Amino acid sequence: MEYPIFNLPFFGGSLLIAAIAIPHVFIAQFSVGASFLLALAERRANREGDAATRAFLKTYAFTVLLVPYVLGAMTGVGIWFATSVVSPRAISSMIHLFVWGWAAEWTMFIVDIVAIYLYVYTWDRIRPFAHNAICWILAATSTVTLILINGILSFMLTPGSWEPLAPYGFWKAFFNPSFWPTTLMRFSVSLALAGAVALLLMALMRTVPAAVREKITRLAYKMMLPALACLVLLPWAFSVIPDRSQRFIQGGAIAMTLFFAMGMACFGLLALGTILAMVRREWNPSVLGASLLIFFAFVGYACFEFVREGVRKPYVLEGFMYSTGVTTEKGQALDKRANEAVLREKGVLSAEPWALPSGKTVADLPPQEKGHAVFKAACAACHQIHVGYNAVQPLVWGWTRENLRSYLDVMHEHRPMMPPFPGTDAEKDALTAYMATLTQRGKL
Amino acid sequence: MNLQLIPAPDMLGLPAHPVLLLVLLNATLALHWVFVGAVLGGTLIVLHNAVTGRGDATRARLNQAILSFLPFMLSMGVTLGVAPLLFVQVLYGHFFYAANVMMALWWLLIIPLVVGTTYLFYVAKLRLSAGRALGPLLPAILAGMLLVLAMILSGNMTLFQTPSAWESVWRLHGAGFFHGGGMVGRVIFAVFGFAALGAMFVLFLGKMGLAYDEEADRAAIEIGLRAAPVCIGLQLAAGILLVVLLPAEQRKAVFNGSLVSLFSVLSIGCLAGSLVLFVKARKSPTLSALVVPTAVYVVGLILIAFARDGIRRAALAPHFQLGELAIHPQWGPFALFLGMLVVAAAAVITLLRLARQTE
Ligand code: HEM
């Protein structure tokens, strides 16, 4: 609504964001865990005067921490660029609510960058104690960034008692009902990812002395153990999400059910694998075993993210703004242009003139063209047209005009992941005229 | 133009007085420029060395030293860009997002370009540290990528303050975001400034003995001292031309005796002062003889950021004024930010101290 509409052919905006966010989230989470692994292992190596372990950690710091960290930082900025293009109204509201939180996080980014470069480039050049202290500072600040961003992200699904412009809105939004379980979960997954990657390195780097291998492997297992808590944290998070979202997971949306179950299974297997390896005193991990553990941590976490994004539909900001950028009754007093009540009266095209062909007004357009514009304004946020991500044409093959028209009245009841149609009856008619051109199989 | 196309300001209003947000926006923006400028300017000097210093071992070592700092400088530049990115959205989001979407593919290109630049810096540095020659091709590609980045940023900022161009740019799917001369002038102005910052960066590498060895240090000082005043001079000329060529209502903002005029005049003064001081420093480039003009230049940059913002507000004035926005101060969260800023500053100081504890 209100902004020009970005359409990435075939993939759509959501997949674009996912393509940037997935590598970012993993690298960023991994970096938090890796800084703890380094800090702990180096402290012990310093105490024991263990030069061999220090030599390994030095390689680890450059290849596994610094190089991906830079990619993580850049893709993090990339998420800003992508969301501002895909969901400008949502990111606008988020920034107006949370700018000080993000600004606080930014201060920590600066420390992170300085710390990470100093840590990597001062190995063996400064006193071991001082060097280790740099890593502890990095671990602390990167943990703070994790906490801050999670407060903001978790708000999107569980805004709790937040109301626009009500007193203490920032704090209510930040310490929302899913803040604690998701923060703890992200932190334990961070540790697990770093531990699992260290195991894989141990398995791959056969020249590492056995004593070093054992120390790092023991530490890696210890770091993976907290992932066991996810088996409690995930149901805890589930218990505080909106009823509608719970129903999606309980079978209302089969993909959500499967991914939730798969996430639980992966965390379970991760914990089980770690405990078994510890019991069997497996200090010499195999490539297969380590890869499997990384796989469980990765997939378990990806499922959590996927479900978190998926069950928020039809909202982008739960209860406040739909994925289309239209605000709900919560925004009625503030949003004079793209609130659902306004649009029901004035039409969705009143708030999305960018959907019209250049230089034309609504009155200039024949019904089909008007319907196409309505599609762009009200549907294109989540649907491609002919092929690709959630394409609508294959969904309406064989439908009659009457089916289409009556469906627009009840679409949100049939499919609770969709918002109610936001416009006027005349716009529904126009959209029907347009969609009727899509109902013949194969006619693209 | 179709005024309907301009989105409404965000319904949640401002979380602080606009003056506070403007100060934070422009102060952090100037810091962002210092670092990305050092990167772009540093890359131009690497290119210059690669072209004119073929077979010269000292210049190759200097290039290696410059390149080993550039990934860090770029990471800092990008991270420092996050703060203005936050504040520009709070203040001007409805114009900014519209421009982002209109030139979306260019806008998204920023990320692969930044990532690509970072890793190519490593490639270039590793080539040199492995004892291989670095020809002009790789530095030229890097400089090209950074120039494209500057062009996209300037294109966006120009487009967002020029709603009258929106329809035509949208019709061309954003391809024509570099409409009109305004943006080209801005890029040229920025690039001369960045070249000057690059020169200062190399100068300090040499002065602080970080450019590999004494010979390379001397070369760094020499190149930096030669390039800095020339680039500042060019930037001044480009800046004055830029102001003269501004659309009338924006030019008025520079000459109407307002704060914007003051910032503009002072920034010209700072740049000119810095130029003169750099020329003088050639005779005896002591540390203080270099620090003073650099500091004066950075103050000039901050003033440029504020003046530029005033011109932007003049451009947007027919459609929007910051004063229209409702303010809903969030003092608690602001205190959180300030507290964290202090903690971050203390942490950086501690880190630098720790890094000096040699055995
Ligand atoms: C090395 C890459 C970059 C270069 C060379 C660069 C250069 C520039 C230039 C020349 C401008 C001024 C544009 C004008 O007013 O004409 C600018 C502004 C800006 N840059 Fe960067 N930039 C780079 C990367 C980034 C990144 C990655 C971000 C985001 C994190 C960013 C954030 C900003 C923001 C927000 C502004 C404008 C703020 C405002 O208009 O008030 N930049 N940059």
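The values are calculated or read from the model by the stated rules, or taken from the named source; none is laboratory data. Keep in mind that what you see is a predicted model, and the values were worked out from it rather than measured. Here Cβ is always computed from backbone atoms with ideal geometry, including for glycine, and neighbour counts include all displayed protein chains. Heads up: the accessible areas ignore ligands, DNA and RNA and are worked out on the full protein's heavy atoms, side chains in. Shrake-Rupley method; radii C 1.70, N 1.55, O 1.52, S 1.80 Å.
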For this session: Report, by residue number, each residue of segment B:156-184 that is of a type outside the set (A, V, I, L, M, F, W, C) and near the ligand (Cβ under 8 Å from one of its atoms).
Result: B:156, B:158
For this session: Output the number of residues of segment A:144-165 satisfying the condition of being touching a helix residue (DSSP H, G or I) at 6+ places or on another chain (Cβ under 6 Å) and either over 29 Å from residue A:333 (Cα atoms) or at the interface with another protein chain (Cβ under 9 Å from one of its Cβ atoms) (or both).
Result: 5
Problem set entry | Where a residue in segment A:1-28 is within 11 Å of chain B (Cβ to nearest Cβ) and its partner, wherever it lies, is of a type in the set (Phe, Trp, Tyr), with Cβ under 7 Å and at least six apart | A:3/A:354; A:3/B:97; A:4/A:354; A:4/B:170; A:5/A:354; A:13/A:6
Exercise. Residues B:32, B:48: which one is within 15 Å of the ligand (Cβ to nearest atom) and either open to solvent by 10 Å² or more (accessible area, probe 1.4 Å) or not in a helix (DSSP H, G or I) (or both)?
Worked result: B:32
Problem set entry | Condition met for residue B:72 (among the aromatic types (Phe, Trp, Tyr), within 16 Å of the ligand (Cβ to nearest atom) and at the interface with chain A (Cβ under 9 Å from one of its Cβ atoms)) | yes
For this session: Among the residues of segment B:274-291, write down those that are surrounded by fewer than 19 Cβ atoms within 10 Å (Cβ to Cβ), part of a helix (DSSP H, G or I) and more than 20 Å from the chain's Cα centre (by Cα).
Result: B:276, B:279, B:280, B:287, B:288, B:289
Seminar exercise, completed: Expected single match for within 14 Å of another protein chain (Cβ to nearest Cβ), open to solvent by less than 30 Å² (accessible area, probe 1.4 Å) and free of Cβ contacts under 8 Å to residues at least 24 places away in the same chain among B:325, B:354 is B:354
Exercise. Given the residues B:43, B:117, which is the only one that is more than 8 Å from chain A (Cβ to nearest Cβ), near the ligand (Cβ under 9 Å from one of its atoms), in contact with a Ser or Thr (Cβ under 9 Å, 6 or more places away or on another chain) and not in a loop (DSSP other than H, G, I, E, B)?
Worked result: B:117
Problem set entry | All positions within segment B:144-155 that are touching a residue at least 40 places away in the same chain (Cβ under 8 Å), more than 6 Å from the ligand (Cβ to nearest atom) and away from chain A (no Cβ under 13 Å) | B:147, B:155
For this session: Take residue B:10 and decide whether it is touching a residue at least 12 places away in the same chain (Cβ under 8 Å) and over 15 Å from the mean Cα position of the chain (by Cα).
Result: yes
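Would you point out which residue out of A:80, A:100 is away from the ligand (no atom under 16 Å from the Cβ), assigned to a helix (DSSP H, G or I), closer than 30 Å to residue B:99 by Cα and within 8 Å of chain B (Cβ to nearest Cβ)?
A:100
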Exercise. Residues in segment A:125-142: is at least one surrounded by fewer than 20 Cβ atoms within 10 Å (Cβ to Cβ) and on the phi > 0 side of the Ramachandran plot?
Worked result: no
For this session: Identify the residue in segment A:60-74 that is free of Cβ contacts under 8 Å to residues at least 40 places away in the same chain and closer than 15 Å to residue A:201 by Cβ and, among all such residues, is nearest to the other protein chains (Cβ to nearest Cβ).
Result: A:67
Problem set entry | segment A:83-94, subset surrounded by fewer than 24 Cβ atoms within 10 Å (Cβ to Cβ) and within 16 Å of the ligand (Cβ to nearest atom), residue nearest to the other protein chains (Cβ to nearest Cβ) | A:91
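Matching residues to (1) touching a strand residue (DSSP E or B) at 6+ places or on another chain (Cβ under 8 Å); (2) of a type in the set (Val, Ile, Thr); (3) closer than 22 Å to residue B:10 by Cα:
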position	(1), (2), (3)
A:148	no, no, no
A:152	no, yes, yes
A:159	yes, no, yes
A:201	no, no, no
Exercise. Which residue pairs have Cβ atoms closer than 9 Å, lie 6 or more positions apart in sequence or on different chains, and pair a first residue in segment B:75-100 that is within 14 Å of residue A:3 (Cα to Cα) and within 8 Å of the ligand (Cβ to nearest atom) with a second residue that is outside any helix (DSSP H, G or I) and modelled with pLDDT under 95?
Worked result: B:92/B:161
For this session: Consider only pairs whose beta carbons are under 8 Å apart and that are at least six residues apart or on different chains; among these, list those whose first residue lies in segment B:111-122 and is farther than 19 Å from residue B:151 by Cβ and whose second residue is outside any helix (DSSP H, G or I) and open to solvent by 20 Å² or more (accessible area, probe 1.4 Å).
Result: none
For this session: Tell me, please, whether a residue that is closer than 19 Å to residue A:180 by Cα, at pLDDT 95 or above and open to solvent by less than 60 Å² (accessible area, probe 1.4 Å) can be found in segment A:244-251.
Result: yes
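Condition check ((1) of a type in the set (D, E, K, R); (2) surrounded by fewer than 21 Cβ atoms within 10 Å (Cβ to Cβ); (3) within 16 Å of the ligand (Cβ to nearest atom)) across all residues:
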| position | (1), (2), (3) |
| --- | --- |
| B:191 | no, no, yes |
| B:195 | no, no, yes |
| B:201 | no, no, yes |
| B:208 | no, yes, no |
| B:216 | no, no, no |
| B:226 | yes, yes, no |
| B:231 | no, no, yes |
For this session: May I ask you to verify whether residue A:111 is under 27 Å from residue A:37 (Cα atoms), open to solvent by 10 Å² or more (accessible area, probe 1.4 Å) and either in contact (Cβ under 8 Å) with a residue 12 or more places away in the chain or out of contact with any Ser or Thr (no Cβ under 7 Å at 6 or more places or on another chain) (or both)?
Result: no
For this session: Among the residues of segment A:114-124, write down those that are at the interface with chain B (Cβ under 7 Å from one of its Cβ atoms), outside any helix (DSSP H, G or I) and open to solvent by 20 Å² or more (accessible area, probe 1.4 Å).
Result: none
For this session: Give the residues of segment B:52-69 that are open to solvent by 20 Å² or more (accessible area, probe 1.4 Å) and either away from the ligand (no atom under 16 Å from the Cβ) or more than 24 Å from residue B:144 (Cα to Cα) (or both), sorted by residue number.
Result: B:52, B:54, B:55, B:56, B:57, B:58, B:59, B:60, B:61, B:64, B:68
Exercise. Can you name the helices (runs of 4 or more DSSP H) wholly within segment A:336-444 that have at least 3 residues being open to solvent by 30 Å² or more (accessible area, probe 1.4 Å)?
Worked result: A:340-346, A:367-378, A:401-414, A:425-435
Exercise. What do you reckon, is residue B:77 touching a His at 6+ places or on another chain (Cβ under 9 Å), under 25 Å from residue B:148 (Cβ atoms) and open to solvent by 10 Å² or more (accessible area, probe 1.4 Å)?
Worked result: no
Exercise. Are any residues in segment B:328-342 in a helix (DSSP H, G or I) and at the interface with another protein chain (Cβ under 7 Å from one of its Cβ atoms), and if so, which ones?
Worked result: B:332, B:333, B:334, B:336, B:337, B:340, B:341
For this session: Could you pull out the residue among A:43, A:47 that is open to solvent by 10 Å² or more (accessible area, probe 1.4 Å), within 28 Å of residue A:217 (Cα to Cα) and touching a residue at least 24 places away in the same chain (Cβ under 8 Å)?
Result: A:43
